[in-house]
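Reading through the structure tokens given below for one structure.
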Amino acid sequence: MRPDLSLDEYRPADRAALYEVCLRTGRLGADAGPEHEDRELLGHVYLGPYLELEPELAFVVRADGHPEPLGYVVGTADTLAFEAACEERWWPPLRAHYRAHPPRPGSADERVVRLIEEGIHSEGEWLAEYPAHLHVDLLEDVRGAGAGRALLDRLATALEQRGVPGLHLVVASANEGAVAFYRRLGFAVVAERPGSLVMARRLAPAAAPVVR
Ligand SMILES: CC(C)(COP(=O)(O)OP(=O)(O)OC[C@H]1O[C@@H](n2cnc3c(N)ncnc32)[C@H](O)[C@@H]1OP(=O)(O)O)[C@@H](O)C(=O)NCCC(=O)NCCS
């Protein structure tokens, strides 16, 4: 990894900067800021629940001279349990908020609020083999410098210590750079959906999970 970069555990003080990273990488890796009036919406779906419900599986990239983190990986060890926890604790207050403050009809915000209303419910026989999943995003200045690989290695190690057998992610098929990155890191396509791919990789879980 580039020598000015380092990995760190997530701290609650990082939250606002990471929400901004989520937005600024949210359109196939490019800045989704111009199309969203609500700058927190994408983060509420793809970042916030992980920081809230699985903070010990969130890792950030810091760069010398920058007080705020410039990228992250977040994940969960058990996708179905995580989605159930979101139904119980994460989505209800957001649904109440956006029913009281609905987005502009036809806007990009409205499409994301629809996701919040529906919730996320994964299905697939591959879930048993690859129960963990992740999201990784880096600002442009710190891409191509080994930080993405380092973040995924760090998450994989944490999952292996918990005895997790496999890890998956969902990526837009059009995000060719990210698809190439995941392939390079050993992920293979396990399912195709309209506009997206599910990619997965086996882990080498510790025989006895490490209890911390
Ligand atoms: C995708 C992303 C996380 C990759 O992180 P990164 O730090 O740029 O990648 P790394 O420098 O660690 O590269 C790791 C390996 O993947 C390869 N790789 C990375 N990006 C690649 C690309 N666009 N095309 C081809 N290969 C790529 C590298 O060559 C490297 O190979 P090596 O280690 O064998 O030399 C980062 O570019 C990013 O945040 N992009 C925008 C947001 C995004 O699309 N997130 C994914 C949403 S599903």
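Give me the distance between the Cα centres of region 141-169 and region 87-121, rounded to whole Å. Centre-to-centre (Cα) distance: 29 Å. Mean-square fluctuations from a GNM of the chain, with a 10 angstrom spring cutoff on Cα atoms, peak among Ala13, Ala32, Ala191 at Ala13. Read phi for every residue in region 17-28 and hand back ³J(HN,Hα) as whole Hz from Karplus 6.51 cos²θ - 1.76 cosθ + 1.60, θ = phi - 60°, with x for Gly and Pro. In residue order, the calculated couplings are 5, 6, 4, 5, 4, 4, 5, 6, 10, x, 10, 6 Hz.
If you build the Cα gyration tensor of region 27-91 and take the root of 5 times each eigenvalue, what three semi-axes come out, in whole angstrom, biggest first? Each step should come with its number before you reach the end.
On the way: eigenvalues 105, 64, 19 Å².
Over the Cα atoms of region 27-91, the semi-axes work out to 23, 18, 10 Å.
Which shape class, rounded, prolate or oblate, goes with region 1-118 when its Cα gyration tensor gives a ≥ b ≥ c as root eigenvalues, a/c under 1.5 marks rounded, and past that a/b bigger than b/c marks prolate?
Judged from the Cα gyration tensor, region 1-118 comes out oblate (a/c at least 1.5, b/c at or above a/b).
Computed from Cα atoms alone, the Kirkwood hydrodynamic radius reported for the chain is 17.7 Å.
On the protein heavy atoms, probe 1.4 angstrom, tell me the percent of accessible surface of region 130-198 carried by carbon and sulfur. Display every interim value, and only then the final one.
Numbers: 1470 of 3120 Å².
In region 130-198, the share of accessible area belonging to carbon and sulfur is 47 percent.
Using the Cβ-Cβ distance between Trp126 and Ala204 with R0 = 25 Å, the FRET efficiency computed as 1/(1 + (r/R0)^6) comes to roughly 0.90.
Mind telling me which of Ala180, Ala147, Ala58 comes out most flexible in a GNM of the chain, alpha-carbon contacts under 10 Å? Ranking Ala180, Ala147, Ala58 by mean-square fluctuation puts Ala180 first. Looking at the chain as a GNM with Cα springs under 10 Å, which of Glu87, Glu192, Glu125 has the largest mean-square fluctuation? Highest fluctuation among the options: Glu125.
Quickly estimate the mean residue ellipticity at 222 nm for the chain, helices only: each DSSP H run with n ≥ 4 gives -39500 (n - 2.57), and the total goes over all residues, rounded to 500. Please list the in-between numbers first.
Details: 8 runs with 74 residues, N = 212.
Only helices count here, giving -10000 deg cm²/dmol.
What region 5-202 shows is 48 Å² of accessible area per residue, with the surface traced by a 1.4 Å probe over protein heavy atoms.
Over all pairs of different C-alpha atoms, region 53-122 has a mean inverse distance whose reciprocal, the Kirkwood radius, equals 14.4 Å.
The values are calculated or read from the model by the stated rules, or taken from the named source; none is laboratory data. These figures come from a predicted structure and were not determined experimentally. Cβ coordinates were reconstructed from backbone atoms using ideal geometry, including for glycine residues, and neighbour counts include every protein chain displayed. Calculation scope for accessible area: heavy atoms of the full protein, side chains included, ligands and nucleic acids excluded. Shrake-Rupley method; radii C 1.70, N 1.55, O 1.52, S 1.80 Å.
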